[in-house]
Structures are given as C-alpha cells and as structure tokens.
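Notes follow once the structure below has been shown.
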Amino acid sequence: MSLVASYDPNTVQQLEALEKRVDRFFLEASVIPEDQRQYVRFAKQYMDIEVDIRALVRTQKRRASNEETTKQAEILINLWNKDMQTHKAKDSLSNFMVKLRATQYERLFSAMLDGEVAKKLD
C-alpha cells in the first residue's frame, strides 16, 4: 500500500494547460489599461478557468492516496474564486494585484507540478 499517489502524467498535462491559461489571463490584464479592467470584461475567462480548476479538483479527489495534491487543488479553486469575487465587487483590477496574483499563481502551479514530478522519482 502506497502512502502517496503514483505519478500521473495526465495531471501534469492538466496543470501545465491550466497554468498557461491563468498566465495568459494575467498577461492580458496587464496590457489592458487599469481603468478598463471591469469585471464584465473578464467574466467569461474567470468562468472558463474555474471550470478547468474544478475538473482538476475532481480528478485529484478520485486518485487514491492523493491528499496533498487534492489540498493544493482546493487551495487553487478557493484562491481563484476569492480573486474573482474581489474583482466583481470592486469592478477593477489594479496593476499591483495583477502582478501579485500572477506571481502567487506561478508559485502555486510550480509547487503542484514539482510535487507531481517528485512522485515519478519514488
């Protein structure tokens, strides 16, 4: 019996695709003037990315002995939902928040990918 889930190349692929979408989201936001970053302009992207994150969470919950990656995926969906709700409530997204969140998501995806790749080495 394994205490940690085995390496899953599909999870790596899913994470890399999702990381690219989130990176694109913040890169696009960074080139739009700050006074034009109303929530409605980003609503579809928020929803599309949320659907993919929710799929990731479900996939990780189905894997045996995968508590750590599941916890990370749940942190990801909670952070994404919080950011979406904040953007919706303020109806703006500052340059500071774009940079902060882009860096935060980059770190989270790196940790998740590193964790999955480490399973390959066991």
- Item | Solvent-accessible area of ARG58 with every protein chain in place, 1.4 Å probe, in Å² to the nearest 10 | 110
- Message: Please list, in order along the range 12-27, the HN-Hα scalar couplings obtained from phi with the Karplus expression 6.51 cos²θ - 1.76 cosθ + 1.60 (θ = phi - 60°), rounded to whole Hz, x for Gly and Pro.
- Response: 4, 4, 4, 5, 5, 5, 5, 4, 5, 5, 5, 4, 4, 3, 6, 5
- Task: Whole number in Å², please: accessible area per residue of the range 58-108, 1.4 Å probe, ligands, DNA and RNA not counted.
- Result: 62
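Would you kindly calculate the translational diffusion coefficient of the range 46-122, applying Stokes-Einstein with the Kirkwood radius from alpha carbon pairs, for 25 °C and a viscosity of 0.890 mPa s, and quote it in µm² s⁻¹ without decimals?
Estimated diffusion coefficient is 180 µm²/s.
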- Item | Nearest-20 debye value, the chain charge dipole, Cβ charges on Lys, Arg, Asp, Glu | 280
- Roughly how many Å² of LEU121 are accessible to a 1.4 Å probe, to the nearest 10? 140
- Task: Could you pull out which residues in the range 107-122 have an amide N less than 15 Å from a spot 7 Å beyond the Cα of VAL12, following the Cα-Cβ vector?
- Result: 110-122
- Query: So how exposed is ASP91, as accessible area in Å² (1.4 Å probe, rounded to 10)?
  - Reply: 70
- Message: Test of understanding: express the Cα radius of gyration of the range 1-85 as a ratio to 2.2 N^0.38 Å, with N the residue count.
- Response: 1.27
- Lys/Arg +1, Asp/Glu -1 at C-beta; the chain dipole; positive extreme among LEU121, VAL40, ALA64: VAL40
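The values are calculated or read from the model by the stated rules, or taken from the named source; none is laboratory data. Just so it is clear, the structure is predicted and the values come from calculations on it, not from any experiment. Every residue, glycine among them, receives a Cβ derived from its backbone with ideal geometry; neighbour counts consider all protein chains shown. The protein model used for the area step is the full one, side chains on, heavy atoms only, and it has no ligands, DNA or RNA in it. Shrake-Rupley method; radii C 1.70, N 1.55, O 1.52, S 1.80 Å.
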